[in-house]
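The values are calculated or read from the model by the stated rules, or taken from the named source; none is laboratory data. If you're wondering where the values come from, they're calculated on a predicted model, not measured in any experiment. Positions of Cβ are backbone-derived with ideal geometry, glycine not excepted, and every protein chain shown enters the neighbour counts. Heavy atoms of the whole protein, side chains included, go into the accessibility calculation; ligands, DNA and RNA do not. Shrake-Rupley method; radii C 1.70, N 1.55, O 1.52, S 1.80 Å.
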Amino acid sequence: MGVVNVTPDSFSDGGQFLDPKQAVAHAEQLVKEGADLLDVGGESTRPGAEPVSVAEEIDRVMPVLESLLTLSVPISLDSRRPEVMRAAIDLGVDVLNDVNGFRNPEALEIASQSKAGLCIMHMLGEPKTMQHQPVYQDVVAEVQAFLESQAQALIARGVSSSRIVLDPGFGFGKTLDHNLALMGSLAQWASRWNLLVGVSRKSMIAALLAKRPTEPPRPAAHRVFGSVAAALWAVDQGARLLRVHDVQATVDALAVWSSLKQTVQD
Ligand code: HH2
């Protein structure tokens, strides 16, 4: 899943693709590089981000979605707003990706009445404050319980489980230790659910790359190799989808890794 951020303030590529023409050109490039799916978002949900209005989000994403729906790959909308979801479904998007996990009853309704694929993500709190000392008794159990209960709510409304993907929401109200515990738990639940992992260029990668705790974090664009390593780990643990900014690097690494894995297993 290649990321297309139509935003001025995303943590890794804010402002680069706010112009719809640039967003579409970037999306086309990601498809050439091997993306099987594109995720289009009009609101940054990075820690500390200010929410944008529904009208602003719709203005950002709709022209881009309209152009991208002519491409050969399915298109996902990355939004937590029911109004934006409804507009995108009416336009014909293939997937709804909700960082709020369809907690909003209207969003749950729109999702279950659509024919779209549905990504349920876990977030503790709101982007503005979610990284202010997040606390869990048992992060893996709590994240799993939330995601499974949202999935069951969709299934109870007639959605087939094959349309549902669960995402632990790396960095969304989670410390490095929480993220690592979740990374370590993927294999436990990958046999029961389709899992999506989004760690691309995130601060957990910078934290793992730092040689000393006092070192300033690497800029996002310098976290590519670390992100690819984490992506391979996630796939090895059973993740089915990777949400990434660096499609070519990830696709190449996966091609070599999967050939080696098959060779060794044959
Ligand atoms: N991460 C981001 C946004 N949407 N959706 C899912 N399902 N999983 C994720 O991990 C995820 C997501 C944050 O990344 P990005 O869109 O690049 O940044 P920003 O929120 O600053 O636009």
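A few points about this structure:
- In the range 135-147, of all residues being buried (at least 16 other Cβ atoms within 10 Å of the Cβ) and not aromatic (Phe, Trp, Tyr), the one that is nearest to Gly184 (Cα to Cα) corresponds to Val140.
- Screening Lys128 against (1) basic (Lys, Arg); (2) under 23 Å from Leu196 (Cα atoms); (3) surrounded by fewer than 23 Cβ atoms within 10 Å (Cβ to Cβ) leaves a single unmet condition, (2).
- Residues satisfying the stated conditions in the range 211-254, i.e. within 17 Å of Val165 (Cα to Cα), within 16 Å of the ligand (Cβ to nearest atom), of a type outside the set (D, E, K, R) and not in a helix (DSSP H, G or I): Gln237, Ala239, Leu241, Leu242, Val244
- Restricting attention to the range 83-113, the residues that are under 20 Å from Pro8 (Cα atoms) and open to solvent by 40 Å² or more (accessible area, probe 1.4 Å) total 0.
- Just one of the listed residues (Arg240, Arg218) is touching a strand residue (DSSP E or B) at 6+ places or on another chain (Cβ under 7 Å) and open to solvent by 70 Å² or more (accessible area, probe 1.4 Å), and it is Arg240.
- Any chance Ser203 is within 11 Å of the ligand (Cβ to nearest atom), open to solvent by 10 Å² or more (accessible area, probe 1.4 Å), in contact with a helix residue (DSSP H, G or I) (Cβ under 9 Å, 6 or more places away or on another chain) and of a type in the set (S, T, N, Q): yes
- Taking each residue of the range 200-211 that is on the phi > 0 side of the Ramachandran plot and looking for partners that are among the basic types (Lys, Arg) and open to solvent by less than 30 Å² (accessible area, probe 1.4 Å) with beta-carbon atoms closer than 8 Å, six or more apart or interchain, yields Arg201/Arg223.
- Enumeration of residues in the range 98-136 that are polar (S, T, N, Q), within 21 Å of Gly48 (Cβ to Cβ) and touching a strand residue (DSSP E or B) at 6+ places or on another chain (Cβ under 8 Å): Asn100
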